[in-house]
Amino acid sequence: MKILVLNSGSSSIKFQLFQMDDNRSIASGLVEQIGENDSLAKIEYNGTVIEKREPIADHKIGLKIMNQLLIESTAISSLNELGGVGHRIVQGGGSFSEPVIVDEAVAKEIENLIPLAPLHNRAHLNGIEVMMEEIPNVKQVVVFDTAFHATIPKYAHMYAIPYKYYETDGVRKYGFHGTSHKYVVEEASKYLGIENLNAITLHLGNGASMAAVKDGKCIDTSMGLTPLAGLMMGTRSGDIDPALLFYLGRKYDLNIEDLDELLNKKSGLKGVCGSNDMREVESMADKGDENAQLALDMFAYRIKKYIGSYNAIIGKTDCIIFTGGIGENDIDTRARSCSELEHIGMELDLVKNNQRSKEILEISSKNSKIKILVIPTNEELEIAMQTYSLLGT
């Protein structure tokens, strides 16, 4: 069976085609800069890349071009060759804790959740609608970023604000990057031979989040109602004093939109030192930029605080898992994040940490009571496997 995995974002579409006999990615591509005059659509299959640059007005046109590229590249001979399509959905709210086959009711509920993820869920729906029009006989499956976090107990996902906002508007912690957290936990479980794993997972990229996993289930996560909460990120502030918004709003006459942009697009690493690229920030720090060094220290400090708090609620942590673009590739970030944590039984081996691998890499010292692992994430494969599991053979 061939499964197409589709991630329809606010201005881009990413896709991968998997052969599920051996869980192998056989083709991948993207459509980006949707809505601009110089949009790009490309696919890579069997060592050959096909690119098209042309105006792509909206997602519907972009998806139709994607379908053309899949056939033109000979990755498939017809869309009807697909055994299913798996869609990444950012926000499943309290309605979805498992992947589901799309029907009218499911599509309607995803639409109802648009206020909780206005940029993402609308784009995801576009992907679903186009694929259902193009291949009505092929089942569509939705896999939710929030689903892995559905096991967080109520006392951990609730906010201490008037309860009516939870009842009427669904205001609570949902968490994100769930597909990535789930994938690396399952990989670590197999690697360590521990069925009900206790783990702290770190998905570190331009967006960053952590999760506390006890007995294989998520019991807390750093992101909240939106992806703004938690760790310091590339352009997002992470946790702040909420009254900061009132203070800045009054002093500088900033409206809701101004404050939204400030915290989501102008803060984090970028706000502190001017760049949201971790490689550039580290280069600036190496050259003596004090703000860049401050940004690095802040980034690692937030991570260590979450490791400590999650270790406390888990009880006995089997492993710490680094993943995501920064987590998998940035040796220095891993070293800073693990330093001075020996008192909780976590000790990094600097020599092992300097290694690079596309496989699971164990970077803890022989004396470390907590294993420290680097596991490359594969959200697309996880979506494909969940889709395949639901549809069967």
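Return one number: the angle in degrees, 0 to 90 and rounded to the nearest 10, between the long axis of the Cα atoms of helix 243-252 and the longest principal axis of the Cα atoms of the chain. Taking Cα atoms only, the helix is inclined about 80 degrees. Amide H contacts under 5 Å for I26: L17, F18, Q19, restricted to partners 5 or more places along the chain or on a different chain, H placed in the peptide plane at 1.01 Å from N. Modelled spin-label separation between E98 and I344, with each label point placed 7 Å from Cα along the Cα-to-Cβ direction: 3.3 nm.
Across the range 194-379, the volume of the C-alpha convex hull divided among the residues equals 131 Å³ per residue. Taking every DSSP helix (H) stretch of at least 4 residues in the chain, weighting each as -39,500 (n - 2.57) and dividing the sum by the residue count yields a mean residue ellipticity at 222 nm of -12000 deg cm²/dmol.
Dividing the alpha-carbon radius of gyration of the range 271-323 by the rule-of-thumb value 2.2 N^0.38 Å gives 1.44.
Mean separation of Cα pairs under 8 Å and 6 or more residues apart, divided by the residue count, gives the range 2-144 a relative contact order of 25 percent. Note: the range 2-144, Cα convex hull, 95 Å³ per residue. In summary, the lysines within cross-link reach of K371, defined as a Cα separation below 28 angstrom excluding same-chain residues under 8 places away, comprise K182, K190, K214, K217, K304, K305, K316, K352, K358. The phi-based Karplus calculation (6.51 cos²θ - 1.76 cosθ + 1.60; θ = phi - 60°) puts the 3J(HN,Hα) values of the range 292-304 at 5, 5, 4, 4, 5, 5, 5, 4, 5, 4, 4, 4, 5 Hz, whole numbers, x for Gly and Pro.
The distance between label points at I50 and D289 comes to 4.2 nm (points 7 Å beyond Cα on the Cα→Cβ vector). With all pairs of separate Cα atoms included, the chain yields a Kirkwood hydrodynamic radius of 22.2 Å. For the chain, averaging the sequence separation of C-alpha pairs within contact (under 8 Å, six or more residues apart) and dividing by the residue count gives a relative contact order of 14 percent.
No lab work stands behind these numbers, since they all come straight from the coordinates. Quick caveat: nothing in here was measured; it's all calculated off a predicted structure. Note that we place each Cβ from the backbone using ideal geometry, even for glycine, and neighbour counts take in every protein chain shown.
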